[in-house]
1. Take the residues in region 64-83 that are modelled with pLDDT under 95 and part of a loop (DSSP other than H, G, I, E, B); name whichever of them is surrounded by the most Cβ atoms within 10 Å (Cβ to Cβ).
2. Is one or more of the residues making up region 111-128 closer than 14 Å to residue 159 by Cα, in contact with a helix residue (DSSP H, G or I) (Cβ under 8 Å, 6 or more places away or on another chain) and crowded, with 22+ Cβ neighbours inside 10 Å?
3. Could you run through region 1-21 and say how many residues are assigned to a loop (DSSP other than H, G, I, E, B) and in contact (Cβ under 8 Å) with a residue 40 or more places away in the chain?
4. Does any residue in region 191-215 that is at positive phi and touching a residue at least 40 places away in the same chain (Cβ under 8 Å) come within less than 9 Å, Cβ to Cβ, of a residue that is surrounded by 14 or more Cβ atoms within 10 Å (Cβ to Cβ) and part of a strand (DSSP E or B) six or more places away or on a different chain, and which pairs are these?
5. Of all residues in region 138-165, which are touching a residue at least 60 places away in the same chain (Cβ under 8 Å) and part of a loop (DSSP other than H, G, I, E, B)?
6. With the checklist (1) touching a strand residue (DSSP E or B) at 6+ places or on another chain (Cβ under 8 Å); (2) modelled with pLDDT under 95 in hand, flag the one item residue 26 doesn't pass.
7. What is the residue count in region 84-93 for residues that are surrounded by 15 or more Cβ atoms within 10 Å (Cβ to Cβ) and part of a loop (DSSP other than H, G, I, E, B)?
8. How many residues are buried (at least 21 other Cβ atoms within 10 Å of the Cβ) and assigned to a loop (DSSP other than H, G, I, E, B) when one looks only at region 53-63?
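The values are calculated or read from the model by the stated rules, or taken from the named source; none is laboratory data. The shown structure was predicted, so the numbers you read here are calculated from the model rather than taken from an experiment. Note that each Cβ is placed from the backbone with ideal geometry, even for glycine, and that neighbours are counted across all protein chains shown.
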């Protein structure tokens, strides 16, 4: 299951991926099929597709039965974008997914997107098996890459990242605040020896921020 306002994304036992939408009338819509199929038990990740995040816009990332990560990119008017499909990263069936998006800062509504996953089969002391790929221009996805900041990651570990808050237009009495180009929220979290480690991506390289105190 994954969420990004106002959508809740889930997978049925058949493999089909569905969406529940919150609205001000009936609160939650019945599950609607998105006409895409993921591998059994795929991790799901939902991110903004543009800085405005209006209407039904979203970017859904999931593992396709072909073993690759795929995106389902939908515009604010509900149209499936031609950027949807395989993005060139083959991941194991049990891989967790995480990611974040920031404004590209080029006077458009385009975003930079970074996706992380763990490959348990490739895990070692130097990288923890955590890999990432990104899209920062119109030339497609780059990667996979890894980095020393992921050293010592538990196998398996959960992964999560932060995307800064934003609000789209169209909702009554709601201000519009687009996604910003600042990188200070580009933070991801995973487990090391059972503790929670925080790392930061400045748009070019990763930095370690240390372990977070946990009860």
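1. So the residue we want is 76.
2. Yes, there is a match, as at least one residue in region 111-128 is closer than 14 Å to residue 159 by Cα, in contact with a helix residue (DSSP H, G or I) (Cβ under 8 Å, 6 or more places away or on another chain) and crowded, with 22+ Cβ neighbours inside 10 Å.
3. 2
4. 203/102; 203/112
5. Hits for region 138-165 are 156, 157, 158, 162, 163, 164.
6. Single failed check for residue 26: (1).
7. Result for region 84-93: 3.
8. Adding up the residues that qualify gives 2.
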